[in-house]
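Written below as structure tokens is the structure these notes are about.
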Amino acid sequence: VMRESYSSENDSGFKCVNPSLRQIVVVGGAGQLGRLFVNMFRLSGYQVAVLERDDWGQADALLSQAGMVVVAVPIENTCDVIDRLTSLPPDCVLVDLTSIKQRPLSHMLAAHAGPVLGLHPMFGPDVSSLAKQVVVCCHGRDEAAYQWLLDQMRIWGVRLHSVAAADHDNAMSLIQALRHFTSFVYGVHLCDEQADLKRLLALSSPIYRLELAMVGRLFAQDPALYADIILSSPLNVQMIRRYHQRMGQAISFLESGDRQRFIDTFHKVSEFFGDYAGQFLRESKLLLAQAHDARHH
Ligand code: NAD
């Protein structure tokens, strides 16, 4: 299937899994992520309409005919927009692409009695292809009615991963909120220290260059998206607070020169990582070798 979808990508588009679907309406379809999905649906032969901020005057006509509605508006507006979707056709599939899942999913289930699916694409609008990209699925209601959509995304090359909405949001506290926040603070720190980035790069090993790239790339993107991701749940801020406390504890044993405590803690964490520690060492060596090759081509 993967090879077939790659080769058809080079021709006119992708195979259409559900050609009899009525029009797809993407709410927020002119936005960064919405636009990407609009393109993918059109490349797969679907009829797609975009419903933007100022289009709500014509919304009833569009929504009452829709075969699927995809919500791709900013996080802060998502639940308000979903709450307006109360008169969709009963067989219409209601989907959202929000970076958080619990609240949007419960609002979708309340607004619409038909099929409901929560998705979280784990990529941004800058990807060149969806091949091997991960999309998290939180099933809402009547999975059989949107199985075609899951199959369609697989044809795009997407890896689907199903998880409960609460588990998703907890994992995202670590994967997104904490990671983006620590990158943010690292950037703030380099800025306030007036670090000489050019010199740091000249003096750095490839792994530090990668680390700097992981931090620096954040600041080439939309601050509002990251503010919303971090602020999307009070659990995120509580997680960040615990991180801050642990950093404080670690600093205090450095300040008291407690070398043994550092080493003991290190062992405890090594044990926690278990086989992953060695696996991560091998994986990162490979990544660094690839990054090295790429810079010399
Ligand atoms: P964006 O700001 O680029 O796009 C949002 C679009 O929604 C804009 O075109 C805006 O005009 C429109 N909009 C706002 N309010 C509206 C309303 N009331 N009615 C109709 N349209 C409205 O944002 P984005 O980065 O594309 O993010 C959209 C969603 O996708 C968010 O929920 C975000 O969590 C999720 N997401 C984004 C990314 C990413 O990297 N950009 C990744 C994963 C998930």
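Does segment 9-76 classify as rounded, prolate or oblate by the C-alpha gyration tensor (a ≥ b ≥ c root eigenvalues; a/c under 1.5 gives rounded; else a/b over b/c gives prolate, otherwise oblate)? If you can, show how the numbers build up before the last one.
Details: a/c = 2.64, a/b = 1.43, b/c = 1.85.
In terms of gyration-tensor shape, oblate.
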**Item:** Net +/- balance of residues flanking residue 56 in space, Cβ distance below 12 Å, scoring K and R +1, D and E -1
**Value:** -3
**Message:** Can you compute the label reach from residue 164? Point 7 Å from Cα along the Cβ direction, backbone N cut-off under 19 Å, restricted to segment 209-241.
**Reply:** 235-236
**Message:** Can you give me the solvent accessible area of residue 283 with a 1.4 Å probe, rounded to the nearest 10 Å²?
**Reply:** 100 Å²
**Request:** Go through 279, 184, 61 and say which Cα lies farthest out towards the positive end of the charge dipole of the chain; charges sit on Cβ, +1 for Lys and Arg, -1 for Asp and Glu.
**Result:** 279
**Request:** Calculate the dipole size of the chain relative to its Cα centre from +1 charges on Lys and Arg beta carbons and -1 charges on Asp and Glu beta carbons; express the result in debye to the nearest 20.
**Result:** 700 debye
**Fill in**
Rounded to two decimals, the Debye log10 I(q)/I(0) of segment 141-296 (Cα scatterers, no solvent) at q = 0.09 Å⁻¹ is -0.47
**Charge dipole (the chain, unit charges on Cβ, about Cα centre) - positive-most of 41, 250, 166** = 250
**Request:** Take the solvent-accessible surface of the protein heavy atoms, probe 1.4 Å, and return the percent of it on segment 144-188 that carbon and sulfur atoms account for.
**Result:** 62 percent
**Prompt:** Taking N as the number of residues in segment 1-130, what is its alpha-carbon radius of gyration divided by 2.2 N^0.38 Å?
**Reply:** 1.05
**Prompt:** Dividing the alpha-carbon radius of gyration of the chain by 2.2 N^0.38 Å (N being the number of residues), what value is obtained?
**Reply:** 1.17
**segment 186-268: C-alpha gyration tensor shape, a/c 1.5 cut-off, then a/b vs b/c** = oblate
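Of the trypsin sites (Lys or Arg not before Pro) in segment 60-140, which ones lie in a loop per DSSP and count no more than 15 other C-beta atoms within 10 Å?
84, 132
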**Complete:** The set of residues whose placed amide H lies less than 5 Å from the amide H of residue 98, leaving out same-chain residues fewer than 5 positions away, is 119
**Request:** Would you check the accessible area of residue 275, probe 1.4 Å, heavy atoms only, in square angstrom rounded to 10?
**Result:** 140 Å²
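Which whole-number percent gives the relative contact order of the chain, counting Cα pairs below 8 Å spaced six or more residues apart?
Relative contact order comes out at 12 percent.
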**Message:** Taking just the alpha-carbon atoms of segment 210-255, what radius of gyration and Dmax come out, in angstrom?
**Reply:** 14.1, 37
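What's the carbon and sulfur percent of segment 239-297's accessible surface, probe 1.4 angstrom, rounded to a whole number?
Working: 3210 of 5430 Å².
Heavy-atom surface of segment 239-297 belonging to carbon and sulfur, 1.4 Å probe: 59 percent.
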**Complete:** Within segment 138-163, the residues whose backbone N lies under 14 Å from a label point placed 7 Å from the Cα of residue 275 along the Cα-to-Cβ direction are none
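Over the chain, with the other protein chains present, what is the accessible area per residue in square angstrom, probe 1.4 angstrom?
Accessible area per residue, the chain: 60 Å².
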**Message:** Going 7 Å from the Cα of residue 143 along its beta-carbon direction, which residues of segment 154-182 have the amide nitrogen within less than 19 Å of the resulting point?
**Reply:** 154-155, 158-169
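What is the antiparallel percent of DSSP beta bridges lying wholly in the chain, to the nearest 5?
Percent antiparallel among DSSP bridges in the chain is about 25.
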**Request:** Round to the nearest 10 and report in Å² the accessible area of residue 231, as given by a 1.4 Å probe over the protein chains' heavy atoms.
**Result:** 130 Å²
**Request:** Excluding residue 83 itself, calculate the net charge of residues whose Cβ lies under 15 Å from the Cβ of residue 83, where each Lys or Arg counts +1 and each Asp or Glu counts -1.
**Result:** -1
**Fill in**
Length gained if residue 42 through residue 202 is fully extended, taking 0.36 nm per residue and subtracting the Cα-Cα distance, is 53.0 nm
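The values are calculated or read from the model by the stated rules, or taken from the named source; none is laboratory data. Since the model is a prediction, treat every value here as computed from it, not as a measurement. Virtual Cβ from ideal backbone geometry, glycine too; neighbours counted across all protein chains shown. The protein model used for the area step is the full one, side chains on, heavy atoms only, and it has no ligands, DNA or RNA in it. Shrake-Rupley method; radii C 1.70, N 1.55, O 1.52, S 1.80 Å.
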